[in-house]
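Below is one structure, written out as C-alpha cells, with a few remarks after it.
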Amino acid sequence: MAYAPLKGIVVLDLTQSLAGPFAGMLMGDLGADVIKIEMPVTGDGARKWGPPFAGDSGPTFVGFNRNKRSCAIDLHTAEGRAQVIEMSKQADVVLENFRPGTMKKFGVDYETLKVHNPRLIYASISGYGQKGPLSGWAAMDLMIQAISGMMSVTGEPEGRPVKAAAPIADLMGGYTCAFSVLAAIHERDKSGPGGVGRRIDVSMLDAMITVLGQSVVATTISGEPPERQGNAHHLMAPYQSFRTATSDFVISLTIQKRWAALCTLPEFTHLFDDPEFQTQDQRNTNRARLCAEMEVIFMTRPVDYWMAHFERLALPAAPVNTIPQILQEAHLAQRGTLLEVEYPPGSGQRYKVPGMPWRDVAAEQALRSPPGVGQHTEEVLQQFGIKPAGGRKAAAG
C-alpha cells in the first residue's frame, strides 16, 4: 500500500547540488508538494556534473530530484525575490543550502520570511553551520570529509588519506535536514493553529562527527588518533576483507561463538587452540598474524566455496561486488530497491535510480520523474496566485 504522510505539506526547495536536493527528494517521496526553485535556463548546477548525461543532466541531478516540480525564478531580480516571498506565505517549509549570509543578501532569509508566515519551517544546510569560526568557509562534500577526520581514517595503513567513494557528508547532511524538518512539522502541528515554525541549522560537519562516533569516542578514551586500517576495523578482528582464489570477500567474526563456528571448518581447526587467539581482545591485539594466516587459507579456494560455508554456519560474510554486479542482484529486484525514472521529460528514456529505503511510509514508485528546468513554472505560479510580470506567460526554461 502506498502512503503519503506529508500530503498537504508544501516545500520550497531552493537548494542545489546534492545535500539539499536529497533532503527535498526525501520529503517528496513522503508525499510533500516539493517545488524546486531553479535559475531560469541553467537550473541547478548539478545538472552539468558529468558525463555521463541523460539529455541535459548528469547522474547527480537525475538521481536526487524525483517527486519535485521545477519553477524557474531568478533570485537576483526584484521580481524573483517578490515571487519567493509570496510563495513562502503559503508554504510549510523552505530549504536552502547556500553559504551562510547568501539568503539574507537575496532578501529571502528566515527573519524576512517569518514575518509573512510565522508557521514557516526554514531549514539551512551548510558545510559548517550558520555560526562558529568556520561558518563562512565554502564547503563541498570533499572539504567536509577532509576536515572532519573521515579521510584520515580511510585508506590503507601505509597509504595516503582518501575520501569515501560515496558523498557521505552530503547524504548525511540531507538525512539530518529531512529528519529535523519532520520533527519540526510534528512540533508545530501538535501545537495547533497557533503553533509557530522554527529555524533549523544543519551543519554537514556536525553530521560527519556523528558518523565518526566510534573513532571520536575511542580517541577520547585512549588519547591517541586511530590509524588507517584499510578494510579492517581498529576495534575488532577479524573484521575485514580477504583475498580468495577468485575474488575478495568480507567477514565479521567479532564474537566468540562465531569464531568457534569458523574453527569447526577443517582448514581452521588449528587456530582454535592457539594461545594468541583465545579471546576477542587477543585476536584484535594479534590481528596481523591472525589475518595473515587466515588469508593464506582463504586463497586456497574460490570465493563461492567460502561463501557457501559461511552461509551454512550463519556467519556474516559478503562478496566484494562491483556496481554492475549488485545492480543485477535478484534480491534488489524482489525488494524493489531500484526505481525507474524518465529523463528528459517526455523522452521515454528510463533509468534506474536508488529507491526508497523508507518505502513503507512512501509511494512504491516515483510519482514524478526529475523535472526539466522550469518545467512547471506556469502551473506553480498559478497555484500561488502569482502573475508573471507584464501579464506574460511564465517561462518554462
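Values in this text are rule-based calculations from the coordinates and carry no lab data. Because the structure is predicted, anything quoted here is derived from the model rather than measured. In this analysis, Cβ positions are derived from the backbone assuming ideal geometry, glycine residues included, and neighbour counts consider all displayed protein chains.
Below, the figures for the structure above:
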| quantity | calculated |
| --- | --- |
| Whichever lysines have a C-alpha closer than 19 Å to that of Lys387, once near sequence neighbours (fewer than 8 apart) are set aside | Lys36, Lys89 |
| Value of [θ]222 nm, deg cm²/dmol, for the chain, DSSP H segments ≥ 4, -39500 (n - 2.57) each, nearest 500 | -10000 deg cm²/dmol |
| 9 Å beta-carbon shell around Glu276, net charge (K/R +1, D/E -1) | +1 |
| Fraction of the pair-distance distribution of the range 292-382 above 15 Å, Cα-Cα pairs, percent | 75 |
| Peptide ranges 318-328, 47-57 listed from the most packed, as the mean C-beta count within 10 angstrom indicates | 47-57, 318-328 |
| In Hz, Karplus ³J(HN,Hα) per residue of the range 195-203 (6.51, -1.76, 1.60; θ = phi - 60°; x = Gly, Pro) | x, 10, x, 6, 8, 10, 10, 9, 9 |
| For the chain, the spread of Cα positions along each principal axis, largest first, Å | 85, 49, 41 |
| Over the chain, relative contact order from alpha-carbon pairs under 8 Å, at least 6 apart, % | 20 |
| Debye, to nearest 20: dipole size of the chain, +1 on Lys, Arg Cβ, -1 on Asp, Glu Cβ | 1100 |
| Estimated dipole of the range 249-319 in Debye, rounded to 20 [Cβ of Lys and Arg +1, of Asp and Glu -1, Cα centre] | 180 |
| Most mobile of Ser152, Ser70, Ser222 in a GNM of the chain (Cα contacts under 10 Å) | Ser222 |
| Rounded to whole Hz, the Karplus (6.51, -1.76, 1.60) HN-Hα couplings of the range 316-326, x for glycine and proline | x, 7, 7, x, 8, 7, 8, 4, x, 5, 5 |
| Length-normalised contact order of the range 1-103 in % [C-alpha pairs under 8 Å, at least 6 apart] | 34 |
| Neighbour-limited loop hits for GluC sites (Glu not before Pro), the range 111-204 (at most 14 other Cβ within 10 Å; DSSP other than H, G, I, E, B) | Glu158 |
| Candidates per trypsin sites (Lys or Arg not before Pro) in the range 289-393, loop by DSSP, up to 14 other Cβ within 10 Å | Arg392, Lys393 |
| Dipole moment magnitude, nearest 20 debye, the range 180-338 about Cα centre, only Lys, Arg, Asp, Glu C-beta charged | 480 |
| For the range 249-319, Kirkwood radius (reciprocal of mean inverse C-alpha pair distance, Å) | 12.4 |
| Relative pair counts by distance (%), Cα atoms of the range 63-103, 10 Å bins | 22, 53, 24, 0 |
